Structures are given as structure tokens and as C-alpha cells.
Amino acid sequence: MGSGIAAHLANIGFQVSLLDRSAGAAQEAFDRAKKAKPPHFMVPETAGQVRLGSIEHDLHWIKNAHWVCEAIFEDMRAKKELYALIEDQLAPDAMISTNTSGLEISLLAEGRTDSFRRRFHGTHFFNPPRYLKLLELIPTPETDPAVIQQMVEFLEGPVARRVVVAKDTPGFIANRYGMWSMIHTVHVAEKLQLTCEEVDAITGSFLGRPRTGSFRLNDLVGIDIMKNIADNLYERCSHDPRRGDLKMPQSMEVLLERGWLGDKTGQGYYRREGKELMAIDLQTFAYRQRREPELPTLTELAKVPLGERIRTALERKDPVGEFLREQLVPSLKYANAIKEEISHSVEDFDRVMKWGFGWEAGPFEMIDAIGAQNLGMLETAFYEGGTQRSWNGDYVERAKEPQFANIAEHYLLDQHETFNLRDLGDGVTAVALTTKMGVLSPRAIQELTSFFDTFDGRAVLTSEARSFSAGFDLTFVLTQAEADDWQTLDNALYDLQMLSQLLSEKRVVAAVFGHCLGAGLEVALGCPQIIAAAETQIGLPEARVGLIPSGSGCARMHLRHQGSAKELAEAIIRLTLGTVAGNADEARKLGYLRVGDVTQYHPDRMLFDAKLLAETVEPLPQVAWINPEGPLVGMVDRAQEELKARGELSEFDEIIGDKLKMVCGKAQSYEQALGLERQEFEELCRQPLTHARIKHMLETGKPLKN
């Protein structure tokens, strides 16, 4: 966990010192962090910002640290012994915290000086820290409130996490309720004799939760970790009316006994055998092939709003209804029973479950959405408008946090067929795509062009979909190609190129997230500046569907990489392979983002910071076209031969690469490159292999290698 926290801080630009018992232990932990999947580091080079040392020889490094975050194993004696070692090394104004999933913070501070106790608190990161934005901040009665306020501002600012201040109770909010819910679900599954697959289907997106469901989540967390947390809660929560639910279910006992602890051991409730996913039978505890559950209620209600969906399912006399009555209803009642003990507000409680566990709605939002009366509860609403019900029954204002506002929270100025206009304040307008996955259809391109033709203000170009843009409308491309309507296709590509050019003349910032691919990136690169959410997938993957970038993508990549023949050759090969960067920092490394573009590491500040950038952005000067000296064609040819020899490039891929070589290597001007883009795109559209790739992508969402 310590190396994961170090990696997250290094990713966002901090200089980090990582100390362990010995230099060898530090190196071993760090090597694991560098090999972690999913990756802890956004790009491998970032690991260089972490300095490794030992407590024995390098403890003096602490004197220069602004924040000392202890993250050793969950043992109170070991932690207290470490504090005795480091206390004299702390700078007078340095913050000191423990990363723990449930140890009592006030007990850890016993025996330390007043200065130490005043600054000491818990910081419960979620694993892996790079990907999970929740951080529970736990003060003790002796922690200075000013210190906690300073830490909230620091953690929600430079550290790019969302903070919930929790009470110093066993497991805080996340593990006290979240772990109980996870184990309770297994008890219910065993009682009702449901399969792992059935429970995961019910407790996944149907309940507004991650697609992993319950048993896949158990494997990800680790059965041994779940037992350790549950045992700790059981020991410390003798007053809890549902304490008995923390006892290990039979299936967990069997998995623990066999050493099948989940993903870390290669098997738990699920395991892979070749390409097959096997699931454990909860009655026989033998693995069998995974079965697709047959639960008609899930399909029937999938598109119904969450509260109505659950309310309806609760009435069903089928496995879904029975499970929800046995698992969900008691879970929501349990949250209500312990809320005052572990949290400062229902909003804090809900935020922990949303930010830490990926729930669409927290338990109290769910109670309101379903209706307390439908759950056998006598509660009045927990939320009304901009207020929440406090512990004394009064409704109090919820905190206003404009820096974290999402697009839907901004005033709607106007609606178009493919985008909305919203007021971000301070003279900045949001132009937000509303097409599915931000796909750029000819209609969307025409509407955006018409709007920006007459727009002379400052704007943020973004999306109200789950991603900024997954690219150009492939259905349109295939339809025109099959109809031999080349003029319509050429017109659409020309319009896309001209939209990108038009945006380059405006004061517009592109705020991209999720996916920024193909035409989406071409349009974003037209804007003078891009702010990209850190985990955005960015690239020009047209080759994967048998095409080349033709909305100015090839021309822009030439301009971006024309410094040398070697650099341009490498860019051509990336386009040939359809390489997509897995995050914004990798995208900058690969040349998809420019020097002046910004990575936004905070998952919830994208729109706010995009607006700040839009307040000062100005059009960039046009870069002069240069054909670099050197054997560009030969470099590309050699790289293609090497890729073919390794089986990474098919003959058709080579044809696509040759067309990219033509556009990026032979064009004598930006304008000529635009014309060649469209020409070669249309040539590829005449290829049956391209049609096959497009159809496969539309049908499966995956590329076809033909």
C-alpha cells in the first residue's frame, strides 16, 4: 500500500521518499509496484521521482518532508514503535498520518508528545490509490481542527482525492459498512442457494454498482483481507446488533483453508482455465464452467430508473426479488442503524459508498429513491432539494462545492440535436456533446460548425456522455461505402477537417475524459488547448477498423513529429498499429497531446479547471510544414518488416501503413495532406477487409485482425 501511495503522489508531480525496514525491502516493494496490474505508474519514467531508502540509514530524510504518511502493516505495536523512532525527525509543521483500514487512531497516538498528537490523524487511502478517489480522513479528539482543515484542502487539491472526514470508530465508514455488506451478501447467497454468477448479475449494474458484482469483488479484495477486517470488526464491535454477520460464510472458510484467496493466488470464487472462466459451486465447492444466469427481471428492468427498478424487483416472487428482500433491505436498514455512530452526515456515508465502492447511489439516496415505506421503514426523506436531514431531524444545507460540479449541474442555455450549451460562469460556455459515447456523426459536425462559425466567446468543448468521444460514426462510413456514395463520404470528411480548423481559430478548450479517439482527438487537437482527465484513453486507432485518420489526424501528427525523420517514422508506425495511450501522460509521451495541454489528475475538477483555462486561452499560431531530412520511407519499411516478422502486422496492416507513409511522408503542405487523407481513406473504404473490420467493431466492440 505504501508503494501504491508513493506512486500516486509521484504521478501527480510530488517528490517522494519511500522508506522501508531495509534498502532491500524498499526495493522489493517498489519493484512490485512497477509491475503491478493495473499499473501504479502512468508512465514508467515517473518511478524516477521516488527515492528509496531504509529506516536504518535514511531516517533523517523525514526532516525535509511536509507530510509523513506511515503505511506499514496493520499492527498497533509496530506502528507505535515506528512513531517513537520518527517523532524527533519531524519538521515542526509537518503533517503525520497513519494509513490504516480500521485501527483506532487515538490509541495509535498514545504516548506521543502534544505536538505529535495535535498533527496526527488517519488517512485511509483505497487500493489502488491511483484509481480510487476516496480518502477517509480520521482525526482523533486531540487532532487540531485547523490541521484537519489544512489536510482536507491539501488532499482535495494537490493530492487529487475526494475526502470524507470519518469518526474514529472501528473500520470507519468504508469497512464498517462496506465489508459487512460484502460478507452479508455471501451469507445470503449461500442461504438462498444462488450461484456466484446470479448474485454478481444482481449486485452489478442492476443495483447501480460496478459490473464486477459481489464475488468478483471478493476475489479482487482478497479473501484473507476480508477475514482480517471482519475479525477486527467482530472483536471491536461487541455492541453491534448484526455482529454475527461478520462470521465467515462457509464458502469463505473453504477458500481460506485451501489457500484460494482470490486474484492474488489465481483463484477464489472464480478462476481462469485458458480462455475459460470457471466459477466455484457454492454447494460442492468444485469449479465448473461459468454459466450465464437466466434472470428475466434483470433484462426487463435494466433501463428503468434505479429507484423504480429496485422497487419493482422487490415485489417479484423470483430469485431477484427474494435476494433483494434478504440482502438489500437489511443492508439499508443496517446503514440507518449505524449512521450516527460512524459518520457525521448521511451525505458523508453515501459519498464513501459511491467514491470508494463505485455505487451509483449511496444507501440513503437509495432509501429515498425506493421509498422508505417500500422497505418497511418509517423514515422521512434524507434529502430534500439542496438539504440533508441531520441527526436531530432538521434539514441543513449541503456544502456547495462549485469546483467539483459536473456538467449537468450547470445552467442549460440551449439544446441542439447533438449538443447542449451550458453556462459555466465568468463568460465561459460549455458546448457538450449529447450523442452516445460522444460519437461525431455528420449531423453533429454540421451543428458544431454552424455554432462555432458565429461564436466569438470563450468555450469549453466537452461531452455529457460517458466519454468525450469514441470517434467518427462508423455506421455512416460503412453505409456510404456499401452504397458507393463517395461524394457524401468525402463531404463528411471535409466537414470534419474544417471543423478542426475552425476550432483552432477560436478561444476554446477541449475537456476530454473516458475516451478521446479518432475524430474525437482530431477535433480536440483543433482546439488551442486540451485538458485531459488522467485516465483518458487517447489515440488515433483508425487502422484497427481498416482506415486512416482523415479529419486532419495524419496532418496534425506530421506537424507534431516533423522534428526528425526518426520521430515521424515512429509516429507513422503508431498510427499503423492503431496505438492508443492508456492515460493522458502516456498520450503526451506518444505525441497525441501537446506541450501546452494539461493533465487533470483530480477526477472531479475537470470542468472547473477547464473553465479557468478557457478564461485565458488564445488561438495558437499555425506551424509551418516541414518534410524532415532523412530516409523516412526506409525507416518505416524496416519497422514494418520487423513487426511482420514478429506477427504483429498483417499484410493488410502493411497496406494501411503504406497509405499513412504516403500522407505523412509525401505531402508538401498541410492542405495537401488533408486532401491525401480523404483520398486514401476512401480507397481503404473500397476494401472488403475494411468492411469486415468495421462490421466486427460495430458488432463486438473489438478489433478484427485480418
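The values are calculated or read from the model by the stated rules, or taken from the named source; none is laboratory data. Quick caveat: nothing in here was measured; it's all calculated off a predicted structure. Neighbour counts are summed over all protein chains in view; Cβ atoms, including those assigned to glycine, are modelled from backbone coordinates with ideal geometry. Accessible surface areas use protein heavy atoms only, side chains included; no ligands, DNA or RNA. Shrake-Rupley method; radii C 1.70, N 1.55, O 1.52, S 1.80 Å.
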Which condition number does Met498 fail, the rest of (1) of a type outside the set (Val, Ile, Thr); (2) open to solvent by 10 Å² or more (accessible area, probe 1.4 Å); (3) under 20 Å from the mean Cα position of the chain (by Cα); (4) on the phi < 0 side of the Ramachandran plot being met? (3)
Taking the stretch 271-287 as the search range and keeping residues that are modelled with pLDDT of 95 or more and of a type in the set (D, E, K, R), which one is surrounded by the fewest Cβ atoms within 10 Å (Cβ to Cβ)? Asp281
Considering only residues that are hydroxyl-bearing (Ser, Thr, Tyr) and open to solvent by 20 Å² or more (accessible area, probe 1.4 Å), look in the stretch 86-111 and name the one that is farthest from the chain's Cα centre (by Cα). Ser106
Restricting attention to the stretch 472-482, does a residue exist that is of a type in the set (Gly, Ala, Ser) and either open to solvent by 10 Å² or more (accessible area, probe 1.4 Å) or within 14 Å of Glu522 (Cα to Cα) (or both)? no
Quick check on the stretch 211-229. Is at least one of its residues in a helix (DSSP H, G or I), of a type in the set (S, T, N, Q) and under 30 Å from Thr297 (Cβ atoms)? yes
When you check Thr435 against the structure, is it open to solvent by 70 Å² or more (accessible area, probe 1.4 Å) and either at positive phi or touching a residue at least 24 places away in the same chain (Cβ under 8 Å) (or both), yes or no? no
Please identify the pairs in which a residue from the stretch 75-103 that is touching a residue at least 40 places away in the same chain (Cβ under 8 Å) has its Cβ atom under 6 Å from the Cβ atom of a residue that is open to solvent by 30 Å² or more (accessible area, probe 1.4 Å) and of a type in the set (S, T, N, Q), counting only partners at least 6 apart or on another chain. Gly102/Asn232
Filtered residues of the stretch 411-426 (kept if open to solvent by less than 90 Å² (accessible area, probe 1.4 Å) and part of a loop (DSSP other than H, G, I, E, B)): His416, Thr418
Filter the stretch 587-612 for residues that are under 15 Å from the mean Cα position of the chain (by Cα) and either of a type outside the set (Val, Ile, Thr) or under 23 Å from Leu704 (Cα atoms) (or both) and give the result. Gln600, Tyr601, His602, Pro603, Asp604, Arg605, Met606
For the stretch 621-646, name all the residues that are open to solvent by 60 Å² or more (accessible area, probe 1.4 Å), part of a loop (DSSP other than H, G, I, E, B) and more than 19 Å from Leu496 (Cβ to Cβ). Pro621, Val623, Ala624, Ile626, Glu629, Pro631, Arg646
Subset of the stretch 331-365, residues more than 17 Å from Arg209 (Cβ to Cβ) and part of a helix (DSSP H, G or I), comes to Lys333, Asn336, Ala337, Ile338, Lys339, Glu340, Glu341, Ile342, Val346, Glu347, Asp348
Of all helices (runs of 4 or more DSSP H) completely enclosed by the stretch 465-571, which ones contain at least 2 residues that are in contact with a strand residue (DSSP E or B) (Cβ under 6 Å, 6 or more places away or on another chain)? 519-526
Condition met for Lys354 (over 23 Å from the mean Cα position of the chain (by Cα) and without any contact (Cβ under 8 Å) to a residue 24 or more places away in the chain): no
Taking the residues in the stretch 359-396 that are polar (S, T, N, Q) and out of contact with any strand residue (DSSP E or B) (no Cβ under 9 Å at 6 or more places or on another chain) as candidates, determine which candidate is least open to solvent (accessible area, probe 1.4 Å). Asn374
If we keep just the residues of the stretch 670-706 that are open to solvent by 80 Å² or more (accessible area, probe 1.4 Å), within 34 Å of the chain's Cα centre (by Cα) and not hydrophobic (A, V, I, L, M, F, W, C), which is farthest from Arg544 (Cα to Cα)? Glu699
For the stretch 49-85, give me each residue that is open to solvent by less than 70 Å² (accessible area, probe 1.4 Å), part of a helix (DSSP H, G or I) and either under 24 Å from Asp114 (Cβ atoms) or out of contact with any Ser or Thr (no Cβ under 6 Å at 6 or more places or on another chain) (or both). Gln49, Ile55, Asp58, Leu59, Ile62, Met76, Ala78, Lys79, Lys80, Leu82, Tyr83, Ala84
How many of the residues making up the stretch 303-316 are farther than 17 Å from Trp359 by Cβ, outside any helix (DSSP H, G or I) and at pLDDT 95 or above? 3
Which listed residue, of Leu613, Leu593, is assigned to a helix (DSSP H, G or I) and either open to solvent by 40 Å² or more (accessible area, probe 1.4 Å) or of a type in the set (A, V, I, L, M) (or both): Leu613
Taking the stretch 263-302, which residues are outside any strand (DSSP E or B), out of contact with any helix residue (DSSP H, G or I) (no Cβ under 8 Å at 6 or more places or on another chain) and among the hydroxyl-bearing types (Ser, Thr, Tyr)? Thr265, Thr284, Thr299
Counted residues, the stretch 2-28 - those being crowded, with 18+ Cβ neighbours inside 10 Å, assigned to a helix (DSSP H, G or I) and over 24 Å from the mean Cα position of the chain (by Cα): 1
Number of the condition not met by Gly427 [criteria: (1) in contact with a Gly (Cβ under 9 Å, 6 or more places away or on another chain); (2) farther than 20 Å from Gln403 by Cα]: (2)
Hey, could you check the stretch 191-236 for residues that are β-branched (Val, Ile, Thr) and over 23 Å from the mean Cα position of the chain (by Cα) and say which is farthest from Arg290 (Cα to Cα)? Ile229
Out of (1) assigned to a helix (DSSP H, G or I); (2) among the charged types (D, E, K, R); (3) out of contact with any Ser or Thr (no Cβ under 8 Å at 6 or more places or on another chain); (4) farther than 27 Å from Val477 by Cβ, the one Asp585 does not meet is (3)
Filter the stretch 123-142 down to the residues that are of a type in the set (S, T, N, Q) and more than 16 Å from Ala94 (Cα to Cα), then identify the one that is least open to solvent (accessible area, probe 1.4 Å). Thr140
Tally, over the stretch 499-515, of residues that are under 20 Å from Leu474 (Cβ atoms) and in contact with a helix residue (DSSP H, G or I) (Cβ under 6 Å, 6 or more places away or on another chain): 3
Give the stretch 596-610 a look and list any residue that's open to solvent by less than 40 Å² (accessible area, probe 1.4 Å) and not in a helix (DSSP H, G or I), or say none. Asp597, Thr599, Gln600, His602, Asp604
Per the filter on the stretch 143-182, residues open to solvent by 10 Å² or more (accessible area, probe 1.4 Å), under 16 Å from Ser345 (Cα atoms), hydrophobic (A, V, I, L, M, F, W, C) and touching a residue at least 60 places away in the same chain (Cβ under 8 Å) are Val165
